[in-house]
Amino acid sequence: MESRSELIAQINDLHEENEHQKIIALIERQPPESIDYELTGLLARAYINYAQPYMDSFREHISHAVDLLRGIEAEGMADPGWYYRIGCALYWL
């Protein structure tokens with residue numbers, strides 16, 4: 001099993017390559033107990049970036065991102081990144 005830092009580095013590399021669907025698959029393959037605040041935020045970011053207005057599933061992906069972010073809202077209150085992500089997602093709804 002890869003280390004946490006390797007996982008985050010892989011996610012960041014995929015993000016730079018605009019491989020958002022691969023990020024979604026990678027994070028969702030992780031054991032549920034390992035998906036913490038950071039990974040949930042990265043998963044929401046991937047859903048927001050993957051969703052495109054021309055896609056039939058656009059609203060579904062954005063809504064899922066909102067649900068993920070609402071699930072970590074208490075921790076997100078102190079994180080400007082959380083506000084940015086929730087703002088982007090809500091804008092598209």
Using only helices, what value at 222 nm comes out for the chain when you add -39,500 (n - 2.57) per DSSP H run of length 4 or more and divide by the total residues, to the nearest 500 deg cm²/dmol? -22000 deg cm²/dmol
Assign unit charges at the C-beta atoms only (+1 for Lys and Arg, -1 for Asp and Glu), then state the dipole size of the chain relative to its Cα centre in Debye, rounded to the nearest 20. 280
When the convex hull of its Cα atoms is projected in every direction, mean area for region 35-89 (nm²): 3.3
I need the helices of the chain that pass two filters: whole DSSP H segments spanning 15 Å or more by Cα along the axis, and mean Kyte-Doolittle score no lower than -1.0. 4-16, 37-50, 58-71, 80-92
Full extension between Tyr83 and Glu16 adds, at 0.36 nm per residue less the Cα distance, a length in nm of 22.0 nm
Taking the Cβ of Ala46 as the center, what net charge do the other residues with Cβ under 15 Å away carry, scoring Lys and Arg +1 and Asp and Glu -1? -4
Most exposed first, judged by fewest Cβ atoms within 10 angstrom, Tyr50, Tyr83, Tyr91 run Tyr91, Tyr83, Tyr50
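No lab work stands behind these numbers, since they all come straight from the coordinates. Quick caveat, the model's predicted, so the values are computed rather than measured. Using ideal geometry, Cβ is built from the backbone for each residue, glycine included, and neighbour counts are taken over all protein chains shown.
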